[in-house]
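Input: a single structure, listed below in structure tokens.
Derivation of every value follows stated rules applied to the coordinates shown; laboratory data play no part. Bear in mind the structure is a predicted one, so any value in this text is a computation, not a measurement. Neighbour counts run over all protein chains shown; Cβ positions are idealised from the backbone, glycine included.
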Amino acid sequence: MNGRYIAFDVETPNYANDRMSAIGIAVVEDGRIAQEFYSLINPETYFNRFHMDLTGITPELVADQPAFPAIWEKIAPLMDSGLLLAHNAPFDLGVLAKCLRAYGIRWRSSVRYACTCQMSRRLLPGLENHRLGTLCQYLHVELDHHHAGSDSRACGEIFLHCLRAGGAVEPFVRTYDLERVGAAGSGARRP
């Protein structure tokens, strides 16, 4: 369980998935959730009804919130401080990559990550599915689904359960190409 892992989750205002309306981060270190961050974000774009109903985030709720560049200044050191984790990681990483691009923010060309959905499929094969809600119910992890703070914490807890159950993170580590918005060839092997 050595290492530092950055579990994160994003919410989006519409299907373009190039802006965030919220982000949650849970830092996993020394076998526990050691730090958390959550913020609403003004995406400076339109919201559609589906996403408002799903997340409860509306244009009025984020009108006075900071836009992504101000939030990025706060979270970039956290995002740089360990291996990234997300549940269904290609989605969250894709939103991050597109959001960085939309605002002209240069961070890295690629990042290493692990997906707790993939880990749980391997380590908990008997479940009906490996959605965040299903896993949280099975593992008795509290969840306010589609709240980025709760979802990131749940991702961290699922990761810790996988490690405590004898799983290792190394077989699940991949590389995500932030510039091309997709899995990078060299690290995109399947476990």
query: Non-local amide H neighbours of residue 34 (under 5 Å, H modeled in plane, Pro and chain starts lacking H): which ones?
result: 27, 28, 29
statement: Diffing segment 96-110: the Karplus 3J(HN,Hα) column from phi (6.51, -1.76, 1.60, θ = phi - 60°), in whole Hz with x for Gly and Pro, holds 4, 4, 5, 5, 4, 5, 4, 9, x, 9, 9, 10, 9, 7, 8
query: Among 122-134, 157-169, how do they line up from the highest to the lowest mean number of other beta-carbon atoms within 10 Å?
result: 157-169, 122-134
statement: So, with points 7 Å from each Cα along the Cβ direction, the residue 46-residue 30 label distance in nm works out to 4.9
query: Can you give the FRET efficiency for residue 165 and residue 91, using 1/(1 + (r/R0)^6), R0 = 22 Å, r = Cβ-Cβ distance, to the nearest 0.05?
result: 0.35
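Under 8 Å for C-alpha pairs, at least 6 residues apart: give me the relative contact order for the chain, rounded to a whole percent. Kindly include the intermediate steps, with their values, before the conclusion.
On the way: 366 pairs, mean separation 49.8, N = 191.
With pairs under 8 Å counted, the relative contact order is 26 percent.
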message: Below 8 Å, C-alpha to C-alpha, sequence gap of six or more: please give me the relative contact order for segment 45-143 in percent.
response: 23
- prompt: Taking the Cα centre of segment 59-190 as the origin and placing charges on Cβ (Lys, Arg +1; Asp, Glu -1), which of 136, 163, 68 is farthest toward the positive end of the dipole?
  reply: 163
- request: Determine ³J(HN,Hα), in whole Hz, for all residues of segment 125-140 in sequence, where each value follows from phi through the Karplus function 6.51 cos²θ - 1.76 cosθ + 1.60 and θ = phi - 60°; x replaces Gly and Pro.
  value: x, x, 6, 4, 7, 10, 5, 4, x, 4, 5, 5, 5, 4, 8, 6
statement: Within segment 1-41, DSSP-loop chymotrypsin sites (Phe, Trp or Tyr not before Pro) with at most 10 other C-beta atoms within 10 Å are 15
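Where the convex hull is taken over the Cα atoms of the chain, what is its projected area averaged over directions, in nm²? Let's see the in-between values first.
Numbers: hull surface 41.2 nm².
Over every viewing direction, the Cα hull of the chain projects on average to 10.3 nm².
With +1 on the Cβ of every Lys and Arg and -1 on the Cβ of every Asp and Glu, and nothing else charged, how large is the dipole of the chain about its Cα centre, in debye rounded to the nearest 20?
The calculated dipole for the chain is roughly 820 debye.
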statement: From DSSP H assignment alone, runs of 4+ in the chain each adding -39500 (n - 2.57), the sum over residues rounded to the nearest 500 puts [θ] at 222 nm at -11000 deg cm²/dmol
